Amino acid sequence: MTTRIASRNPFVALAPVRRRPYLTAAVFAVTLACGIAQLADRGLYDHVVRDAARIDAGEWYRLVTGMFFQDGWAFGLTSNLVWLAVFGTLAERVFGRARWLVLYFGCGLFGQVVSYLWLNPVGAGNSMCVVGLIGGLAAVVMVASRRYGVVLPVQFRVLAFAAPVLAVVDTVVHDNHGLPLLLGLALGFLLLPRPVVSGKQG
């Protein structure tokens, strides 16, 4: 396998097939719309937030709506949308749309359930979905040289291998983003795209 050194845009070397981030844009738009609705009607938040007591009472839909509304309000909405735009676009290009859905909503729902049961029974936000994408991308970076013949800049490799360590520390300090990131990392290895052969990608 020919080794390519990625510099200007490392993830282009991993996913040379150009994919427009339509799925990322769609989820971005829905999350933005929910955030605007929440800011316009502050009472809406009480009906959609992940709340263990209300989930125990049968309002299981909150585990889903908790992925689209923000407990950080305007700041949380802005920062989470920026992260979604950046990592969502990268992950959609590298993994494709079906795998993106598994990483984003699989890790997000897992994070909601773990938060409800243990780490943070009340809250909302799509950040746990985004860290699932980050975990998946970290898996790709870890195997980039061996599997894809792409040598990524050292800072990408350092961050990728640091991600699981930071995720464990995050969980130890009782934050709820570490476990979804670890799940994203595990799923990333299971969902690794096939190496490009003759200009085609799996």
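The values are calculated or read from the model by the stated rules, or taken from the named source; none is laboratory data. Computed from a prediction, not measured in an experiment: that's the story for all the values here. As a convention, Cβ positions derive from the backbone with ideal geometry for all residues, glycine included, and neighbour counts pool all protein chains shown. Note: accessible area is taken over every heavy atom of the protein model, side chains too, but ligands, DNA and RNA are not part of it. Shrake-Rupley method; radii C 1.70, N 1.55, O 1.52, S 1.80 Å.
See the values below:
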| read-out | value |
| --- | --- |
| Nitroxide proxy distance, nm - points 7 Å out along Cα→Cβ at Ala37 and Ser145 | 4.8 |
| Base-10 log of normalised Debye intensity for region 28-104 (one unit scatterer per alpha-carbon) at q = 0.16, 0.28 Å⁻¹ | -0.66, -1.21 |
| Net lengthening on full extension, Val30/Gln155 (0.36 nm per residue, minus Cα-Cα) | 41.7 nm |
| Sites Val122 and Ala186 - FRET efficiency at Förster radius 30 Å, r taken between beta-carbons, to 0.05 | 0.65 |
| Region 56-191, accessible area per residue, ligands and nucleic acids excluded (1.4 Å, Å²) | 43 |
| Degrees, to the nearest 10: 73-95 long Cα axis against longest axis of the chain | 30 |
| Among 144-151, 103-110, the order from most to least packed when residues are scored by Cβ within 10 Å on average | 103-110, 144-151 |
| Per-pair calculated FRET efficiency, R0 = 35 Å: Ala162 and Asp46 via Cβ, rounded to 0.05 | 0.40 |
| Formal net charge of residues neighbouring Leu181 (Cβ-Cβ distance under 11 Å; K, R +1; D, E -1) | -2 |
| The chain, accessible surface, carbon-and-sulfur percent (1.4 angstrom probe) | 68 |
| The chain: angle of helix 154-172 to the longest principal axis, Cα-based, in degrees nearest 10 | 30 |
